[in-house]
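The values are calculated or read from the model by the stated rules, or taken from the named source; none is laboratory data. Note that the structure is predicted; figures quoted are calculated from it, not measured. Please note: Cβ atoms are built from the backbone with ideal geometry, for glycine as well, and neighbour counts cover all protein chains shown. The area values use the complete protein model at the heavy-atom level, side chains included, leaving out ligands, DNA and RNA. Shrake-Rupley method; radii C 1.70, N 1.55, O 1.52, S 1.80 Å.
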Amino acid sequence: MKKLIALLLLLLSSTVHANCTLYVFYNHDLSALVKKNNGWNFPNFNEVCRNLQKNNLAAHITQMEIISKSATTVSTSVKVYPLEIKNKYDQMLLTSSGVASIVSSSDRTTETLDRLKYQDANDALNELTTKSGAWTEIIQQVTFIRKHIK
């Protein structure tokens with residue numbers, strides 16, 4: 001039971017920055033990179049955090065990465081889910097809309113991969129602002145989810 005709780009805490013972590021808690025679900029590797037870099041680091045952190053908190057949402061980050069013969073590439077997708085539904089049903093009902101980012105480097109090392117994973121996650125989260133064209137659609141989808149899942 002203790003291992004299960006530890007795993008859940010690792011997977012669903014929160015980062016506190018400027019009196020704001022950003023709830024994010026992501027993989028273990030990214031979690032370690034966020035801790036190594038002392039949390040998230042993107043210009044719109046406070047706005048993104050306020051938007052998520054105001055709407056009782058959390059971010060879900062998915063990453064794909066590869067070190068190929070010619071480059072190191074990371075692709076990041078961020079979608080959101082209502083926290084109250086996650087807490088009630090233990091299910092993350094993700095929006096189909098979100099934001100995405102991709103970054104690449106000709107340097108083909110695991111150190112570069114780690115740097116790009118952290119950078120790309122920050123870049124993608126930075127796009128979750130009300131200025132983003134995706135935000136309006138995200139809120140519409142969350143409203144639909146909440147209306148149909150009670």
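Test A18 against the criterion of being modelled with pLDDT of 50 or more, open to solvent by 30 Å² or more (accessible area, probe 1.4 Å) and of a type in the set (A, V, I, L, M, F, W, C), and give yes or no. So A18 fails the test. Only one entry of K131, K150 meets the criterion of being among the basic types (K, R), closer than 30 Å to I85 by Cα and within 19 Å of the chain's Cα centre (by Cα), and that entry is K131. For the range 101-112, filtered to residues that are small (G, A, S) and either more than 18 Å from V34 (Cβ to Cβ) or in contact with a Pro (Cβ under 9 Å, 6 or more places away or on another chain) (or both), the residue that is most open to solvent (accessible area, probe 1.4 Å) is S106.
Using the structure shown, decide if E137 is in contact with a strand residue (DSSP E or B) (Cβ under 7 Å, 6 or more places away or on another chain), farther than 25 Å from S68 by Cβ and open to solvent by 70 Å² or more (accessible area, probe 1.4 Å). If you could, list the steps in order and put the result at the bottom.
On the way: in contact with a strand residue (DSSP E or B) (Cβ under 7 Å, 6 or more places away or on another chain): no; farther than 25 Å from S68 by Cβ: yes; open to solvent by 70 Å² or more (accessible area, probe 1.4 Å): yes.
In short, no.
Taking N46 as the residue in question, decide whether it is over 15 Å from the mean Cα position of the chain (by Cα), in a helix (DSSP H, G or I), at negative phi and polar (S, T, N, Q). No, not satisfied.
Filter the range 122-131 down to residues that are in contact with a strand residue (DSSP E or B) (Cβ under 7 Å, 6 or more places away or on another chain) and open to solvent by 20 Å² or more (accessible area, probe 1.4 Å) and give me whichever is nearest to R50 (Cα to Cα). Steps first, answer last, please.
Start the filter on the range 122-131 by keeping residues that are in contact with a strand residue (DSSP E or B) (Cβ under 7 Å, 6 or more places away or on another chain), which leaves 123-125, 127-128.
Keeping just the survivors that are open to solvent by 20 Å² or more (accessible area, probe 1.4 Å) gives 123, 127.
Numbers: D123: 17, E127: 14 Å.
Looking at the filtered set, the residue picked out is E127.
Suppose the filter is touching a Leu at 6+ places or on another chain (Cβ under 7 Å), farther than 22 Å from K36 by Cβ and surrounded by 19 or more Cβ atoms within 10 Å (Cβ to Cβ); does Y118 pass it? Give the steps one after another, and end with the answer.
On the way: touching a Leu at 6+ places or on another chain (Cβ under 7 Å): yes; farther than 22 Å from K36 by Cβ: no; surrounded by 19 or more Cβ atoms within 10 Å (Cβ to Cβ): yes.
No.
Conditions (1) open to solvent by 70 Å² or more (accessible area, probe 1.4 Å); (2) in a strand (DSSP E or B); (3) at pLDDT below 95, marked per residue:
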position: A59; (1), (2), (3): no, yes, yes
position: T62; (1), (2), (3): no, yes, yes
position: I66; (1), (2), (3): yes, yes, no
position: V74; (1), (2), (3): no, yes, no
position: V78; (1), (2), (3): no, yes, yes
position: K86; (1), (2), (3): no, no, yes
position: L93; (1), (2), (3): no, no, yes
position: V99; (1), (2), (3): no, yes, yes
position: D114; (1), (2), (3): no, no, no
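Of the residues making up the range 33-48, at least one is among the polar types (S, T, N, Q) and over 23 Å from W135 (Cβ atoms).
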